[in-house]
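A short write-up of the structure that comes next.
Read-outs: derived from the displayed coordinates by stated rules, not from any lab. Because the structure is a prediction, the values reported are computed rather than measured. Because the Cβ atoms are built from the backbone with ideal geometry, glycine has one as well, and the counts that use them run over all protein chains shown.
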Amino acid sequence: MKIHFKNNRDERIVGVLTTPNKKSSEINIIIHGFTSNKEYGSKITAELLAKNNINSLTIDLNDCGESESKFEEMTITRYVDTILCAIHYCEKKGFRIINLIGTSSGGLLVMVAALKYPNLNSLILRSTSAFDAEWFKEFAGGNKGLAEWKKKGYIQYKNKNAIKKLKYDYYKDALKYNMYKKSKNIKIPTLIIHGTKDPVIPIKNTIKLAKNFPKAKLVKIEGADHTLGVNGDYTESQIIILEWIRKAGK
């Protein structure tokens, strides 16, 4: 079912609520990666859960897919605000057990959300980022590139088939969210899944991250890429996610 709600900036956020288990008060909110939307990996995960009688909500983050806002004005803080509003939407619908599932930079976002809203049931982090500022520094071209980004005020970023502007504010805001350090304050059970052949976020980063969690389980998938697939086969990661969710609600 297509749904929408407003975030705290009065922007329309669009999602898909899938509730095969009407009697359950548990739901999984699925958060996509940077510049993606609910119609890709999030949709596949939601379909997997639905086949197993598990409820989910997928959303488009600000200026992704069908949701409102301007890409150039985005920051981690604003993305997390939208996730918190999604949590409140689910609470109003009667859901009391809420798990967050985040992929890539979406993993970082759900970690920040967990710090701001500690009543979550559990987290699932798929190929997660831990400190976006590191990645954007490299993307910009190191210290020289950062200086140029700051002076100009924005950087060009290819979003699918379009080239958009991203303000320097994104990098400044990202510096506040070093999850290597902050993850020690996330007290809820957390599943971290990462492929050993991830070309986007090295698994060594996630191993470093996982050590600081009080209640984290790190699962390495041998030969898996950033999508957690092994030669296009996602069976192993799907089984791991299903087993975790079935236990997390107990």
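Determine, yes or no, whether ASP63 is charged (D, E, K, R) and touching a helix residue (DSSP H, G or I) at 6+ places or on another chain (Cβ under 6 Å). In short, yes. Scanning the range 106-133 for residues that are surrounded by 15 or more Cβ atoms within 10 Å (Cβ to Cβ), assigned to a helix (DSSP H, G or I) and out of contact with any strand residue (DSSP E or B) (no Cβ under 9 Å at 6 or more places or on another chain) yields VAL112, LEU115, ASP132, ALA133. Against the criterion of being crowded, with 24+ Cβ neighbours inside 10 Å, touching a helix residue (DSSP H, G or I) at 6+ places or on another chain (Cβ under 9 Å) and within 25 Å of GLU243 (Cα to Cα), THR18 does not qualify. Filtered by the rule that a residue be over 22 Å from the mean Cα position of the chain (by Cα), closer than 15 Å to MET74 by Cβ and assigned to a loop (DSSP other than H, G, I, E, B), the range 137-172 gives a lone residue, GLY153.
Residue count for the range 181-195 under the criterion of being farther than 24 Å from ASN121 by Cβ and under 16 Å from the mean Cα position of the chain (by Cα): the result is 0. Return a yes/no flag: does the range 72-84 have any residue that is of a type in the set (S, T, N, Q) and more than 30 Å from GLN238 (Cβ to Cβ). So far as the range 72-84 goes, yes, one or more of its residues are of a type in the set (S, T, N, Q) and more than 30 Å from GLN238 (Cβ to Cβ).
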